[in-house]
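Since the structure comes first, as structure tokens, the remarks are kept for the end.
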Amino acid sequence: MEPSGARQRQPTREKGGSEVGPNPTDRGKPGTKRHLVTDARGTPLGLTLSGANRHDSRMLVPTLDAVPGVRARHRGRPRRRPAKLHADKAYDHRRCRRECRARGITPRIARRGIESSARHRTTPMGG
């Protein structure tokens, strides 16, 4: 989802770059996708960039690996990744589920043609 408001937009400094590719939905014009992992409250935890022509599911692993360690109140190794991952149908691939499980993450991914992505979203507070 694209952020709204002028304060969130960054001016373009240089056209092109390594993370720009032809956008398949905009007649091949160059574009960039932002892949973001957030917590339940919407606070960003990890971010990666890719060309607009790159499929979302291919960026799952780099985006999960971009999440820094989280400070915990207990001893031991800090948790680096979320316990569960809620994702839309673009991530409905065996490899995505396998990569999540290999990292100790429970995948909650909507299945293409079977269920709605809305079922996997958390309910708003108070409702």
(request) Please give the FRET efficiency for Ala102 paired with Arg58, using the beta carbon to beta carbon distance and R0 = 25 Å, rounded to the nearest 0.05. (result) 0.95
(message) Can you list residues from other chains, or at least 5 along the same chain, whose modelled amide H is less than 5 Å from the amide H of Asn53?
(response) Gly21
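Every number in this text was worked out from the coordinates using simple rules, so none of it is lab data. On a predicted model such as this, the values are computed, not experimentally measured, just so you know. When we count neighbours, we look across all protein chains shown, and the Cβ atoms used for this are built from the backbone with ideal geometry, even at glycine.
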